[in-house]
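The values are calculated or read from the model by the stated rules, or taken from the named source; none is laboratory data. Computed from a prediction, not measured in an experiment: that's the story for all the values here. For neighbour counting, all protein chains shown are included, and Cβ atoms are generated from backbone atoms with ideal geometry for every residue, glycine included. These area figures cover heavy atoms from the full protein model, side chains too; ligands, DNA and RNA do not enter into them. Shrake-Rupley method; radii C 1.70, N 1.55, O 1.52, S 1.80 Å.
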Amino acid sequence: KRAQALRHRSRSDAAASAAIGAATRELRLPVVRSEAARLAEEAGRSHATHLAYLAEVLTTEIDERTERRRRRLVVEARFPRLKQLIDFDFTAAPRGTEAAVRTLAQGTYLAKGEPVVFLGDSGTGKSHLLIALGLLATEAGKRVRYATAAGLVNELVEAQDERRLGRLVARLGRLDLLLIDELGYVALDGRGAELLFQVITEREERASIATGSNLPFSEWGQIIADPRLVAAIVDRLTFCGHIIETGTDSYRLRATRSRKNA
């Protein structure tokens, strides 16, 4: 009788596995399909209830789906490298910088569509902070895109030449956070500056832009020739925004000196 019961149970388990496989394919639940049997064994050993088992199965599916989405958002953001806020050295940053960045890390600026501008000399961590904020946003499920100012302008010019500028600007407008780095290293011609202004205006007071520049606002005329356009861009990037100075002490230069001294 025991052998007969075991054979019956085996046939029942096989039928259940087949049904789970068919149902999870139809419902597109790959993790439930692959983990259901293992989790059932664990539930049996711990004498979990049916509801507890079901909750564990569904939670596992959700966790894996969330992780897949996070990885996809990181890839779509096009970060040149990955930088974490925990790895940033605030010791040489101006007073108040760390507190301001920690506040931004909470993400409330994204909900309000507020702009962020990092100003500081080369090597003071502007790119690190931009990428770190972008990564935090992707972890919160936000759509992010990183680009240098020159790279973004080139992309916009190419899209305009190919008559798909409207689609690109609309796609950039749907992002939760647009990161524009290295604004100030390369001068922009009139056409490029106007296209950049178009993107900034598309997001004004609706979705956040975070920018990094090695030049103070008073010197942005060196990269954009039209003074009225400079004023309009600065106005949109600073209105209700967070302006954070990263200082003049190059982190890379300090690291190089430390290695030499060591």
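Being farther than 23 Å from residue 147 by Cα and not aromatic (Phe, Trp, Tyr) narrows it down to one residue among 76, 67; which is it?
Values: 76 fails: farther than 23 Å from residue 147 by Cα.
One residue alone meets the criteria, 67.
Each row is one residue, and each column tells you yes or no for (1) modelled with pLDDT of 95 or more; (2) among the basic types (Lys, Arg); (3) under 17 Å from the mean Cα position of the chain (by Cα).
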site: 58; (1), (2), (3): no, no, no
site: 63; (1), (2), (3): no, no, no
site: 69; (1), (2), (3): no, yes, yes
site: 74; (1), (2), (3): yes, no, yes
site: 90; (1), (2), (3): no, no, no
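Within segment 148-159, does at least one residue satisfy the condition of being touching a helix residue (DSSP H, G or I) at 6+ places or on another chain (Cβ under 6 Å) and within 17 Å of residue 242 (Cβ to Cβ)?
no
If you check 117, 74, which single one turns out to be open to solvent by less than 30 Å² (accessible area, probe 1.4 Å) and farther than 22 Å from residue 235 by Cα? Working first, answer last.
On the way: 117 fails: farther than 22 Å from residue 235 by Cα.
None of the others qualify; the one that does is 74.
Take the conditions touching a residue at least 40 places away in the same chain (Cβ under 8 Å), open to solvent by 60 Å² or more (accessible area, probe 1.4 Å) and either of a type in the set (S, T, N, Q) or within 19 Å of residue 36 (Cα to Cα) (or both) and apply them to residue 84. Does it pass?
On the way: touching a residue at least 40 places away in the same chain (Cβ under 8 Å): yes; open to solvent by 60 Å² or more (accessible area, probe 1.4 Å): yes; either of a type in the set (S, T, N, Q) or within 19 Å of residue 36 (Cα to Cα) (or both): yes.
So residue 84 fits the description; yes.
Residue by residue through segment 168-182, note down the ones that are open to solvent by 50 Å² or more (accessible area, probe 1.4 Å) and either modelled with pLDDT of 95 or more or at positive phi (or both). Write out each step before concluding.
Within segment 168-182, the first condition is being open to solvent by 50 Å² or more (accessible area, probe 1.4 Å), and the residues that meet it are 171, 174, 182.
Correct list: 182 only.
So, in segment 102-119, how many residues would count as being under 16 Å from residue 206 (Cα atoms) and among the polar types (S, T, N, Q)? Break it down into steps so the answer makes sense when it comes.
If we filter segment 102-119 for residues that are under 16 Å from residue 206 (Cα atoms), which is where we start, we get 107-116.
With among the polar types (S, T, N, Q) added as a condition, the list becomes 108.
Residues flagged as under 16 Å from residue 206 (Cα atoms) and among the polar types (S, T, N, Q) within segment 102-119 amount to 1.
In segment 35-67, what count of residues is obtained for those that are open to solvent by 80 Å² or more (accessible area, probe 1.4 Å) and assigned to a helix (DSSP H, G or I)? Steps first, please.
Step one: list which residues in segment 35-67 are open to solvent by 80 Å² or more (accessible area, probe 1.4 Å), which gives 38, 41, 45, 47, 49-51, 54, 56, 58, 62-63, 65-66.
Now drop any that are not assigned to a helix (DSSP H, G or I), which leaves 38, 41, 45, 50-51, 54, 56, 58, 62-63, 65-66.
Adding up the residues that qualify gives 12.
Consider only pairs whose beta carbons are under 8 Å apart and that are at least six residues apart or on different chains; among these, list those whose first residue lies in segment 154-166 and is touching a residue at least 12 places away in the same chain (Cβ under 8 Å) and whose second residue is of a type in the set (S, T, N, Q).
As it stands, the answer is 156/198, since those pairs meet every condition given.
Would you please list the contacts, defined by Cβ atoms under 6 Å and residues six or more apart or on different chains, that run from a residue in segment 133-144 that is in contact (Cβ under 8 Å) with a residue 24 or more places away in the chain to a residue that is open to solvent by 10 Å² or more (accessible area, probe 1.4 Å) and outside any helix (DSSP H, G or I)?
134/146; 140/107; 142/176; 143/175; 143/176
Scan segment 208-262 for residues that are at pLDDT 95 or above and hydroxyl-bearing (Ser, Thr, Tyr) and jot them down.
Across segment 208-262, the qualifying residues are 208, 211, 213.
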